[in-house]
Amino acid sequence: MIIRPAKNILGSIRLPGDKSISHRYAMLAAIAQGKTRLSNFSTGADCASTLSSLRQLGSTIEPGNDGTIEIEGREIKVGVNPGLLAAAQMMIPLGRPGTPDEAAGAVVMLTYPEADYVSGQILVAGGGFEA
């Protein structure tokens, strides 16, 4: 038998889904608003565990007929509760928290040679509030 190199090859292959990308896409889909369809999602046990965790956190995850998965995300809003911020501001004697610029000015002042007498101090930028 003689085997000769092929000039052409016809066919297709499907590579397995990437584990790291699958984890990231699933987590992003879970915090997005609406449905996300993922194709070529990794079938490994750790990615299945990620999907299980996302279900426990309230996301709906359904397998599609074509090998895809659909994740119904729960829009997660980030930020500070306005009521909590207002309550904190009422506790601060100056009525407002310090700004980054105000704190930066004090830090810059401590870098000057004229401030070499200051040592072992804690700079509190709390608008007069001390916990």
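Bear in mind these aren't lab numbers, they're just calculated from the coordinates by the rules spelled out. Predicted model only: the values in this text are computed from it and were never measured. So basically every Cβ, Gly included, is an ideal-geometry build from the backbone, and we count neighbours across all protein chains shown.
Placing unit charges on the Cβ atoms of the charged side chains and taking the dipole of the chain about its Cα centre, the candidate lying farthest along the positive direction among T36, I61, A6 is A6.
Given N residues in the range 19-73, what is Rg(Cα) / (2.2 N^0.38 Å)?
Working: Rg = 9.8 Å, N = 55, 2.2 N^0.38 = 10.1 Å.
Taking N as the residue count of the range 19-73, the ratio is 0.97.
Working from Cα positions, state the angle (0 to 90°, nearest 10) between the long axis of helix 19-31 and the longest principal axis of the chain. For helix 19-31, the angle is close to 60 degrees.
The ranking of K35, K19, K7 from fewest to most other beta carbons within 10 Å of each one's beta carbon is K7, K35, K19.
Label-to-label distance for A32 and T99 is 3.7 nm, based on points extended 7 Å past Cα in the beta-carbon direction.
In the range 22-108, which GluC sites (Glu not before Pro) are in a loop and have at most 11 other Cβ atoms within 10 Å, using DSSP for the loop call?
Numbers: sites: E70, E72, E75, E102; in loops: E75.
Counting only loop positions with at most 11 other Cβ atoms within 10 Å, the GluC sites (Glu not before Pro) in the range 22-108 are E75.
In order along the range 52-66, the Karplus-derived 3J(HN,Hα) couplings, from 6.51 cos²θ - 1.76 cosθ + 1.60 at θ = phi - 60°, round to 4, 5, 5, 4, 5, 8, x, 7, 9, 10, 10, x, x, 6, 9 Hz, and Gly and Pro are given as x.
Multiply the residue separation of A106 and L123 by 0.36 nm, subtract the distance between their alpha-carbon atoms, and state the gained length in nm to one decimal. It would help to have the intermediate numbers written out before the result.
On the way: separation 17, 0.36 × 17 = 6.12 nm, distance 0.82 nm.
So the extension gain works out to 5.3 nm.
Report, in degrees rounded to the nearest 10, the 0 to 90 angle that the Cα long axis of helix 100-111 makes with the longest principal axis of the chain. Once rounded, the angle reads 70 degrees. Here, the chain yields an orientationally averaged convex hull projection of 19.9 nm² when only Cα atoms define the hull.
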